[in-house]
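The block underneath contains the structure these notes are about, expressed in structure tokens.
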Amino acid sequence: MAVPPIQRPPHQARLSNSWLLDIVLGLLVVASLPLAVVSIPNTLSVVARLLPDDLDQAGLMRTNGLSLPALMLTVPLVAAALRRVPAPHLLLGGLVLVALSEAAGGYAGSEFFVGVVRVLRGVGAGIILTATLAAVWHRAAVLRALWAGMFGLSLLTAQALALWPLDAVSSWRVTLQPYPLVTGIALGLAAVHLVAWTLGGRPAGPVPSVRERGRLLLTSVPAAGIAALAISTATEGWRAVPVMVLAVVAILGLLALASIGSSESRTSAYTMVAVGAVLLPSAAQVTLVEMGGLGGPGLRGLWVPYAVAGVLAIVASVAVRLFARGVGRRVASLGLLAMVAGLCSVRLVVPAADGMVLTVPFSLLAVGAAVAVTAALQGVGAGAAMSGLSLGCAGVLAGFLLGTGVQMAMLDGVRSAQELVDSFVGALHWWALAGGFLLVVIIVLAAVMARRPGRGVLVDEPEGPGTPPDIPCAGLPPADVLLVRGADRAGVDGDEVVRPDGDDDPSTVAIPRVGAVMTGPVAAPVAGVGGVAPAVPPQGQSPEDATSA
């Protein structure tokens, strides 16, 4: 009898050059994420003595802080734009904007010009954060873990990386162009990644649905409000108490918005808000307290603890991604608890004259954040993950506002240098207490909200090399999957795959179940459903049949 030829699955045919794409993408994540996050700290006050007398120092410091608001507003808009523009193009464009901001920073000479440069850099940084997450989403599992680990490490080291180029500088413009060489390397890697992506057949990336795009645009509303109020606090000279009240209201608003959606998307959003609001503001204050002028080891004594924390964070993130699937919510809570332990250790060991002691709090904070983010991103679709990223970026500014309010309250009435140092240390300890309390509240809130029933979440394509292919069965979707067609059904845009349990492990969907429920018109009918037999290729006449006849 005639045997139909075996056809190679399309996604297997694309794997020939995927290893090159994954390697380049991994290098790009390592180079570009710290470059994006390092744009957040405002370090102009460190070089205030180098500012010309004809420039308004207070105004320059305010405009230098516009990078974070610009980043916050860019992330949701770029995530929504993924429907039209692929992630490799966006990533290259974001790095081009960063490079342009650094080139223009060398000519800055006015408050307006500085503001333009910082806004340009913030927009580029927001594009980089979103585009890298989208680029790794459907690739090898280790790449998404690498992104989470580097994201946590970048938040931990952002303040130190922003201060490092300012040692013994002769121009204040260095704050606007801290790492031009790294920018050039990342830009070259982005170009190579675009070429490899093109030669690899332009593999499709994640595209948020209509519902997810609506939620992404909704997250830009509190981001814009927090940014406007933060700028107002800097320009109008608000007192400590109103600033802290504003920060608390902003965090509550972010948590309220994070409570929308399915159980898994809520966990992701809560986790990103917690990590954003606590990690960078805490690490920035620890770094400043440990400067050499305040009795600490200085930046040179902090790099080993930072390096150890970074390695542990990436290893822990990869381990969670590979071996802890299906328990994302519980593992995310454990990661946030590790961050609570890190804040407790900050109160115990900071300030420290020996930088190696800081390995403990840095490792707990970085590992906890990486584990929490990795676990939280496992059970959600790309749109929900980017929505959580948007809320997390807004949480960074809210955390800075709360930390600034605590510092303002502690520094009020300081009259001597020793009182200044003691007040900085006291503000850090109070902030660690407030940050730990906030993390505990979010852990409890996530546990309570997890009991609420949520709708199914979007399931992604297989992640790349090594992913078991789905076994076709007369057009049926994989096991425990509901194929929804038509934007008017269940509020889902287009043809999307929805899994009720939220597990995104491709290995659990390798074997289809014939009894899957079908909603709407289905392209390939199934035997036993509607009494129509599946389409089976007709048997052709074999030469053996003629011989036997």
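For the range 274-287, backbone phi angles converted through the Karplus equation (6.51, -1.76, 1.60; θ = phi - 60°) give residue-by-residue couplings of 5, 5, x, 6, 10, 5, 5, x, 5, 5, 5, 5, 4, 4 Hz, Gly and Pro being listed as x. With the biggest extent put first, the Cα atoms of the range 99-160 measure 46, 24, 14 Å across the principal axes. Per-residue accessible area (protein heavy atoms, 1.4 Å probe) orders Ile40, Ile231 as Ile231, Ile40, starting from the largest. With Cα atoms as the point set, the range 310-461 shows a radius of gyration and Dmax of 18.0, 61 Å.
Here is the P(r) of the range 217-261: all C-alpha pair distances, binned every 5 Å from 0, give 5, 21, 29, 22, 13, 7, 3, 1 in whole percents. Computing Rg and the Kirkwood Rh from the Cα coordinates of the range 276-363 gives a ratio, Rg/Rh, of 1.03.
Sorted largest first by accessible area at a 1.4 angstrom probe radius, with every protein chain in place, the residues Leu194, Leu337 fall in the order Leu337, Leu194.
Could you pull out the chymotrypsin sites (Phe, Trp or Tyr not before Pro) across the range 47-125 that fall in loop regions by DSSP (anything but H, G, I, E, B) with no more than 10 other Cβ atoms inside 10 Å? Answer by residue number: Tyr107. Computed from phi, the 3J(HN,Hα) profile of the range 149-166 under the Karplus parametrisation 6.51, -1.76, 1.60 (θ = phi - 60°) reads x, 5, 5, x, 5, 5, 5, 5, 9, 4, 5, 5, 5, 6, 7, 4, x, 8 Hz, with x in place of Gly and Pro.
Using every pair of distinct Cα positions in the range 394-456, the Kirkwood expression returns a hydrodynamic radius of 13.8 angstrom.
Here the Karplus curve 6.51 cos²θ - 1.76 cosθ + 1.60, taken at θ = phi - 60°, turns the phi angles of the range 174-185 into couplings of 4, 4, 8, 9, x, 9, x, 5, 5, 4, x, 5 Hz, with x standing for Gly and Pro. Roughly what percent of Cα-Cα pairs across the range 214-293 reach past 22 Å? Looking at the range 214-293, the distances longer than 22 Å represent 38 percent of pairs. Neighbours of Asp354 by Cβ distance under 14 Å: Lys/Arg scored +1, Asp/Glu scored -1, total 0.
Once the Cα-Cα distance is subtracted from the 0.36 nm per residue extended length, the Val440 to Ala319 segment shows a gain of 41.1 nm.
The values are calculated or read from the model by the stated rules, or taken from the named source; none is laboratory data. As the structure is a computational prediction, the values presented were derived from the model and not from experiment. Quick reminder, even Gly has a Cβ in these numbers, built from the backbone with ideal geometry, and neighbours come from all protein chains shown. When the accessible area is computed, the model is the full protein with side chains, heavy atoms only, and any ligands, DNA or RNA have been set aside. Shrake-Rupley method; radii C 1.70, N 1.55, O 1.52, S 1.80 Å.
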